[in-house]
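The values are calculated or read from the model by the stated rules, or taken from the named source; none is laboratory data. From a predicted model like this one, the values you see are computed outputs, not experimental measurements. No Cβ is skipped: glycine too gets one built from the backbone with ideal geometry, and neighbour counts run over all protein chains shown. Accessible surface is based on the protein model in full, side chains and every heavy atom, while ligands, DNA and RNA are left aside. Shrake-Rupley method; radii C 1.70, N 1.55, O 1.52, S 1.80 Å.
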Amino acid sequence: AAEAIAILDDVDRLTVPIIHGTRSQVLLETGQAREARASAELASRGFDSSPFFIYVVGFAATLDTMLRLIEADREISAEASTLVAEARAVVRKLRRFARLLPFARPKYWLFKGWLESLEGHRSKAMRSFRKGLTQAQSSGFRWDEGLLRLEMARISEPGSAERDAAVAEAI
């Protein structure tokens, strides 16, 4: 792992957000939350205004890590609140990216809605998920469609028809 990290200094700066974003997911999955957060923050700082098409992978990996870390910190500690602000900034960057590249729009609405739900704005989150669902369906992005439906199910009332329908449609 140390050898792989050492080459980060030598890679093209356009790939750094992708490498750190993906690395943050691996670190989180292996129980290294602090290291995952640090890597996600490095990825976040690596995104700039140039709409490089493969950044969608970096955005998705970075936001997935950040939002899962926020979700794990249910009390939203001071440390998590700074991560919320960082996640908001990455979502804004993803929005600019998605305006130029339509294939990123379902992911934008997915992560925007997920963040809204974590901040306690269920109705806003559902609106975002529905917008993303429309984008995913019109583009034929079935994976994004499934992810959006699963997030809709997660914030729906347990046992509700809305939740059951979202799960069934996601499957």
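Looking only at region 150-166, count how many residues are of a type in the set (S, T, N, Q) and surrounded by 14 or more Cβ atoms within 10 Å (Cβ to Cβ). So the count comes out to 1. Can you find even one residue in region 107-130 that is under 24 Å from Val26 (Cα atoms) and basic (Lys, Arg)? Yes.
Restricting region 40-50 to residues that are outside any helix (DSSP H, G or I) and open to solvent by 20 Å² or more (accessible area, probe 1.4 Å) leaves a set whose member that is modelled with the highest pLDDT is Asp48.
Each row is one residue, and each column tells you yes or no for (1) open to solvent by less than 80 Å² (accessible area, probe 1.4 Å); (2) assigned to a helix (DSSP H, G or I); (3) farther than 25 Å from Pro102 by Cα.
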position	(1), (2), (3)
Lys112	yes, yes, no
Arg130	no, yes, no
Leu148	yes, yes, no
Ala168	yes, yes, yes
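Yes or no, residue by residue, for (1) surrounded by fewer than 20 Cβ atoms within 10 Å (Cβ to Cβ); (2) at pLDDT below 90; (3) assigned to a helix (DSSP H, G or I); (4) over 12 Å from the mean Cα position of the chain (by Cα):
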| residue | (1), (2), (3), (4) |
| --- | --- |
| Phe52 | yes, yes, no, yes |
| Ala60 | no, yes, yes, no |
| Glu79 | yes, yes, yes, yes |
| Thr82 | yes, yes, yes, yes |
| Phe97 | no, yes, yes, yes |
| Lys107 | no, no, yes, no |
| Gly120 | yes, no, no, yes |
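Of all residues in region 9-18 being closer than 13 Å to Ser44 by Cα and over 15 Å from the mean Cα position of the chain (by Cα), which is modelled with the lowest pLDDT?
Initial filter on region 9-18 (closer than 13 Å to Ser44 by Cα): 13-18.
When the remaining residues are screened for being over 15 Å from the mean Cα position of the chain (by Cα), the result is 13-16.
Numbers: Arg13: 63, Leu14: 66, Thr15: 69, Val16: 70.
Here the residue is Arg13.
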